[in-house]
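S.K.: Have a look at this one before I ask anything.
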Amino acid sequence: MPDSPVPPVDLELRLVRYFTVVAEELHFGRAADALHLAQPSLSRQIRRLERQLGARLLERGPRGTRLTGAGEVFLPQARELLRTAGRAAASARSAAGEGPYTVGFTTHTIVTPAVRELRHRHPEADVRALHLDWNDPREALLDHRVDVVVTRFLFAADGLDVTVLHDEPRVLLVPLGHRLAGKESVTLADFSDEPLPRFTGADRIGANPPGHTRPGPVVETLEDKLELVASGEVVSLAPAGFAGHLRPDIAAVPVEDADPLQVVLAARAGHRHPLFPAFHHAALTHLIPVGAAC
């Protein structure tokens, strides 16, 4: 039998947000302070939401406030509902060209020439640049924190439009005093028995060469990775652009046969902001590898 249609429910997003704050604090007083509301007013708003849902979400007792079974089920969906509403509003503003146009970039990628060109051609626009952590480009796009990102292509592309700007060779990072430090270049085979760091999240696809059999510790930040390299616990592949910005206790050695990384311009699929064509052209024109124009 086909699924029965779900009856419509008129939920006020303001009340849903109030509930999530109370659920996080598990204390009406603290939640009211965070929301800049009087506590009796907040209690009334939560009861109003419960009436809309037809379910009790929170219970007060001598040991404080706790979620009911219905509240525990509703909380993750409430958070997703608020995120979806935020994305929908951001999409509408973006399509209308309202609000700032934010260009994301990751460590040791340069967007300045393209941003400057966009500001020159559209002086009326509010064009901003925002640095992102190395594992954040995809989520920053999908959450509408940025409109476009210039970064290295180490993430899943579904739901995104990706334009390759140029290839970037890779280097091997090793501690000073390592047997490979000081060599003019190395091959993948030269460090096949060395541990490489493992990465969390979806934004490090292809960071390590395929088939490498010695995984090292898991890292979540660039600083953690560099500390492990400097201490001799791992060696690590890195973009060649990192070579001039390393700690003094780490050496970078070119890798002859490692696949290069692609430096890309990524946007949400179907991105319709009126500034996007101009920035896309500026990126293709100005964001070239260092030394390529020499």
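Read-outs: derived from the displayed coordinates by stated rules, not from any lab. It should be emphasised that the depicted structure is a prediction, and the values quoted were computed from it without experimental measurement. Counting neighbours? That spans all protein chains shown, and the Cβs are built from the backbone with ideal geometry, glycine included.
S.K.: Mind putting a number on the dipole of the chain about its Cα centre? Charges go on the C-beta only, +1 for Lys and Arg and -1 for Asp and Glu, and I need it in Debye to the nearest 20. Spell out each step's value before the answer.
M.R.: Numbers: 32 positive and 37 negative charges, 275 e Å.
About 1320 debye.
S.K.: How big is the Kirkwood radius of the chain, worked out from every pair of different alpha carbons and given in Å to one decimal?
M.R.: Working: mean 1/r = 0.0440 Å⁻¹.
Evaluated on the chain, it is 22.7 Å.
S.K.: List the relative contact order of the chain as a percent without decimals, with contacts defined as Cα pairs under 8 Å and 6+ residues apart. Could you put the intermediate results ahead of the total?
M.R.: On the way: 449 pairs, mean separation 61.6, N = 294.
Dividing the mean separation by the residue count of the chain yields 21 percent.
S.K.: Okay, moving on. Using alpha carbon centroids, what distance separates region 107-148 and region 226-245, in Å?
M.R.: The two parts, judged by their Cα centres, are 26 Å apart.
S.K.: Taking only DSSP H segments of four or more residues, each worth -39500 (n - 2.57), what value at 222 nm results for the chain once the sum is divided by all its residues, to the nearest 500 deg cm²/dmol?
M.R.: Values: 8 runs with 99 residues, N = 294.
-10500 deg cm²/dmol, from helical runs alone.
S.K.: Report the normalised scattering of region 144-294 as log10 I(q)/I(0) at q = 0.21 Å⁻¹, calculated by the Debye formula with identical scatterers on the alpha carbons.
M.R.: Reported log10 I(q)/I(0), two decimals: -1.33.
S.K.: In percent, how large is the relative contact order of region 136-272, given Cα pairs closer than 8 Å and 6 or more residues apart? Present the calculation step by step, with values, prior to reporting the outcome.
M.R.: Working: 247 pairs, mean separation 65.2, N = 137.
Normalised by residue count, the contact order of region 136-272 is 48 percent.
S.K.: Where the only charges are on Cβ atoms (+1 Lys, Arg; -1 Asp, Glu), what is the dipole of region 203-268 about its Cα centre, to the nearest 20 debye?
M.R.: Working: 5 positive and 10 negative charges, 34 e Å.
That gives a dipole near 160 debye.
S.K.: Continuing with the same structure: For the chain, what proportion of DSSP beta bridges, expressed in % and rounded to the nearest 5, is antiparallel?
M.R.: Values: 26 of 38 bridges.
If we restrict to bridges inside the chain, about 70 percent are antiparallel.
S.K.: More than 22 Å apart: what percent of Cα pairs in region 170-254 qualify?
M.R.: On the way: 540 of 3570 pairs.
Value for region 170-254 (Cα pairs over 22 Å): 15 percent.
S.K.: How much length, in nm to one decimal, is gained on full extension between residue 246 and residue 41, taken as 0.36 nm per residue of separation minus their Cα-Cα distance? Provide the component values of the computation, followed by the final result.
M.R.: On the way: separation 205, 0.36 × 205 = 73.80 nm, distance 5.47 nm.
Separation in residues times 0.36 nm, less the Cα-Cα distance, equals 68.3 nm.
S.K.: Another question, then. Over region 13-93, what relative contact order in percent results from Cα pairs under 8 Å that are six or more residues apart? Kindly include the intermediate steps, with their values, before the conclusion.
M.R.: Details: 65 pairs, mean separation 25.0, N = 81.
Computed value for region 13-93: 31 percent relative contact order.
S.K.: Report Rg(Cα)/(2.2 N^0.38 Å) for region 13-93, keeping two decimals. Don't skip to the answer; put the middle values down first.
M.R.: On the way: Rg = 13.0 Å, N = 81, 2.2 N^0.38 = 11.7 Å.
It is 1.11.
S.K.: Give me the angle, in degrees from 0 to 90, between the Cα long axis of helix 69-95 and the longest principal axis of the Cα atoms of the chain, rounded to the nearest 10.
M.R.: Roughly 60 degrees between the two axes.
S.K.: Continuing with this model, one more query. Efficiency by 1/(1 + (r/R0)^6): what FRET value for residue 180 and residue 77, r their Cβ-Cβ distance, R0 = 30 Å, to the nearest 0.05? Display every interim value, and only then the final one.
M.R.: Working: r = 51 Å, r/R0 = 1.72.
Here the calculated transfer efficiency is 0.05.
S.K.: Each label point is 7 Å from the Cα along the Cα-to-Cβ direction; what then is the distance between the points at residue 166 and residue 85, in nm?
M.R.: 4.6 nm
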